[in-house]
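Q: Handing you a structure now.
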């Protein structure tokens, strides 16, 4: 039993990403066309140059035809994948493995979601017909249960914890304000964040990610072919995935202060990439900040902070844009917005920009370190899928 | 000898202070309180709760279940089968509805006394009426259940010693099926009609039992009118008339005879004769002699305890729970209709709250799983009935966004005594009452009704002691 990984076998040679906003005037097909065309253009190829496609969309449509029809693909293999909020990452993972297998030379992963056509607040999923005994809670409520449990376990005063998670929102809005593609482009004061109306538990409106429409795409090829397409490819160092068995919902030993699926996924990802000191080796991390408290716990599960200390590291500014390890320099789900199927690829898009030095003067971080981590989760505390990629601008 | 081996009465948690009514409506109301069923309760769920109390003291295996209510959730389809499933009665037991008049509840008790086998007789009612009506102010919501059997089945707490009825057709109180408005004729007309009916049945029942009125230690008189109850009670010649708690519970329709009988049994001593008189479309009388087993059969949750544990509800919320006042829901999707086939497959879990226990590790799975938590063994499980197991809150939240007929949703991760965890919605709770470590018990509720299909399942509620 092992996870061998495909370190340095596959490269990303082009990416595209739409603005993530409430696209009242663009449908799913428009978002697909816009992201795909930017991606082809980025890689300097046309449709004929891509051999196979993976479409990630949670609820945008069924089957590969959801992608093949708007792009008018001619006799191409297209697979639609879904893996909760990690759907976009899953599309990239499958495309990368397909090329690594030798089955195709060039593949595209495209993630898309049109969330704002439902008329409802937040994200919604339509479950299959069932016996009516499942939970109907919002994601906000499920994640809100982490805050009191974390504070209780580590003896963090509720006011300090409130300050720490507000600081996560503050940081991500600060970063998003410097990103022309982000949904929310305003800095938000700590007071506004802390006093926003409660959505669930202690989580207020500004503790929750934005819900947006959007699409993002990547084209991959074998690493040895990458320089045919671009001078600055990103090499895939690790792709790790863990689907939880839901034990946290049934096992009294689970204490809601960590996400075990993510901790396991991180160990696997670092092993694949050969990373021994994540905080020192990684230049930036794009993480799944669906809620502020989620990002706090992720800092520990991803081994950026010691257990029980992430709240302090956050308050110390360690993960700020100019901090020791910038986290979510593009604004994250919090202010970039969260079109479910697109988010995983949007995170890689930021890694693409930052490691290539193309993020723009407002938020470009140092490129002295050459590795980026993207972390994408789906589900809830106790019942979660976790994806981690590690990408690098250099081989080896 | 036949009689009652155990019983349970159920009062919903909320109490409406009737002085609120006139402040809002400009009329109606009065002094005192009435019980209010929660938005997630219906007569079926309340009958389940009463039945659970009764069956916790029972040792005989029920062979039939009769369920009486005036306001059934289903027509055509039997409601008693839901009660049967939630009480986990044997497949071979008959389960039928008695309806849809108030009198059917008393009728169920009489039929069971004159029947064979082990009967569970449950009755429940949710009574409302138009805003500002006397029906609204004077009524209440409740349920009761009795296990009725022979002394050869199990020890009896009260022996059935006589019964009689008097029937007459007259238009006293009525409503169309499905309507919330009970209409009445003239209470004076009712009073002069019921008095001789009550006296006739009373005399006949005493004769049937071979006793005198003076032999009866306590009598309870059930009637949709407190005034008629008093008038008839005064003519029976019994020294002690049970306080029917009409000013705290209200008059509970089909549940009333059962609640009063439960109170009689909870307030009597062994070896006493007690009588129940019910005045609805005639008069029905039941006479019992309590036995030495009466103290042992006392339920773990009495009417008096439940009266002491209630908490207030605002009149506006009461109206919204009874669908008399529509309130703005969260901007979130409503739940889907439940699947009949999926529900049928999960009957034990959905209705009985039965998980699975790994026979190797003892780990409890809620909902039940076929494969062990370590993934190593398949179908190495036994039933883990959890409905009567208490739990402790591990963590919790309040969801102000999720759809609920009565937001917000209070939700907790519950760890059960002896193993097992289940994240579940809480009910009958105010937001500031919850904390980590709080003790909870399970209660059977109606989560929603979509396409006329009620979605029954379990919620947790606080363990409260008066």
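Q: Test of understanding: in a Gaussian network model of chain A with alpha carbons linked when under 10 Å, which of A:364, A:183, A:72 would top the mean-square fluctuation ranking?
A: A:72
Q: A further question on this structure: Using only the Cα atoms, what convex hull volume per residue in Å³ does the protein assembly as shown have?
A: 172
Q: Something else: When a footprinting reagent is the concern and you count Cβ atoms within 10 Å, what order do A:194, B:350, A:153 take, fewest first?
A: A:153, A:194, B:350
Q: Using the scaling law 2.2 N^0.38 Å as the reference, what is the normalised Cα Rg of region B:340-462?
A: Output field value: 1.12.
Q: Compute the angle between helix B:43-56 and the longest alpha-carbon principal axis of chain B, please, reported from 0 to 90 degrees and rounded to the nearest 10.
A: Helix B:43-56 sits at roughly 90 degrees to that axis.
Q: Give the calculated FRET efficiency between residue A:367 and residue A:105 to the nearest 0.05, with a Förster radius of 25 Å applied to their Cβ-Cβ distance.
A: According to the calculation, E is roughly 0.30.
Q: Quick check: pseudo-label points 7 Å beyond the Cα along Cα→Cβ at residue A:279 and residue B:213, how many nm apart are they?
A: Label at residue A:279, label at residue B:213, 8.8 nm between them.
Q: Let me ask you something else. Could you work out how far helix A:260-273 tilts from the main Cα principal axis of chain A, as a 0 to 90 degree angle to the nearest 10?
A: 40
Q: Label residue A:157 and residue A:271 with points 7 Å out from Cα along Cα→Cβ: what is the distance between them in nm?
A: Result for the modelled spin labels: 4.2 nm.
Q: So, one more: Counting only C-alpha contacts under 8 Å and six or more residues apart, can you give the relative contact order of chain A as a whole percent?
A: 26
Q: Sorting check: for B:227-240, B:453-466, which peptide has the highest mean count of neighbouring beta carbons within 10 Å, and how do the rest follow?
A: B:453-466, B:227-240
Q: Which residue, A:105, A:51, A:117, tops the fluctuation ranking in a GNM of chain A built on C-alpha contacts under 10 Å?
A: A:117
Q: Using Cα atoms only, what is the angle between the long axis of helix B:187-209 and the major principal axis of chain B, expressed in degrees (0 to 90) to the nearest 10?
A: Compared with the principal axis, the helix lies near 90 degrees.
Q: Then there is this: How big is D for region B:61-199, in µm² s⁻¹ as a whole number, if Stokes-Einstein is applied with the Kirkwood radius of its Cα pairs at 37 °C and 0.692 mPa s?
A: Taking Rh from Cα pairs, D becomes 194 µm²/s.
Q: If you average 1/r across every pair of different Cα atoms in region B:1-68 and take the reciprocal, what Kirkwood value do you get, in Å?
A: 14.7
Q: How would region A:115-230 be classified by its alpha-carbon gyration tensor: rounded, prolate or oblate, with rounded meaning a/c under 1.5 and the a/b versus b/c comparison settling the rest?
A: Note, shape of region A:115-230 comes out oblate.
Q: Something else: Per-residue mean of other chain beta-carbon atoms within 10 angstrom of the beta-carbon, peptide A:189-200?
A: 2
Q: What distance in nm separates the simple spin-label points at residue B:203 and residue A:63, each placed 7 Å from Cα in the Cβ direction?
A: 8.3
Q: For A:120-132, what's the mean count of beta carbons from other chains sitting within 10 Å of each residue's beta carbon?
A: 6
Q: Which values, in whole Å and largest first, are the semi-axes of the equivalent ellipsoid of region B:244-366 obtained as the square root of 5 times each eigenvalue of the Cα gyration tensor?
A: Whole-Å semi-axes of the equivalent ellipsoid: 37, 28, 16.
Q: I'd like the FRET efficiency for residue B:323 and residue B:435, computed as 1/(1 + (r/R0)^6) with the beta carbon distance as r and R0 of 30 Å, rounded to 0.05.
A: 0.35
Q: Once you have a ≥ b ≥ c as the square roots of the Cα gyration tensor eigenvalues for region A:252-343, tell me rounded if a/c is under 1.5, and otherwise prolate or oblate according to whether a/b is larger than b/c.
A: It is rounded, given that a/c, with a ≥ b ≥ c, falls under 1.5.
Q: Rg to Rh ratio, region A:38-81, alpha-carbon atoms and Kirkwood radius?
A: So for region A:38-81, dividing Rg by the Kirkwood Rh gives 0.97.
Q: Something else: Give the average, rounded to an integer, of partner chain Cβ atoms located within 10 angstrom of each Cβ in B:408-421.
A: Mean inter-chain Cβ contacts per residue within 10 Å come to 4.
Q: Residue A:190 to residue A:253: FRET efficiency via 1/(1 + (r/R0)^6), r the Cβ-Cβ distance, R0 45 Å, to the nearest 0.05?
A: For residue A:190 and residue A:253, the calculated efficiency is 0.80.
Q: Once you have a ≥ b ≥ c as the square roots of the Cα gyration tensor eigenvalues for chain B, tell me rounded if a/c is under 1.5, and otherwise prolate or oblate according to whether a/b is larger than b/c.
A: oblate
Q: Suppose only helical runs count, i.e. DSSP H with n ≥ 4. What mean residue ellipticity at 222 nm does that imply for chain A under -39500 (n - 2.57) per run, divided by all residues and rounded to the nearest 500 deg cm²/dmol?
A: That calculation yields -9500 deg cm²/dmol at 222 nm.
Q: While we're looking at this one, here's another question. If each residue's Cβ is checked for other Cβ atoms within 10 Å, how do A:120, B:189, B:396 rank with the fewest at the top?
A: Sorted ascending by nearby Cβ count, the order is B:189, A:120, B:396.
Q: Moving on to the next point. Using alpha-carbon pairs under 8 Å, 6+ residues apart, how would you state the relative contact order of region B:2-321 in percent?
A: 26 percent.
Q: Now, a different point. Taking the number of other C-beta atoms within 10 Å as the exposure measure, put A:211, A:340, B:241 in order starting with the fewest.
A: B:241, A:211, A:340
Bear in mind that the values in this text are calculations on the coordinates, not laboratory data. Remember, it's a predicted structure, so these values are computed and weren't measured experimentally. No Cβ is skipped: glycine too gets one built from the backbone with ideal geometry, and neighbour counts run over all protein chains shown.
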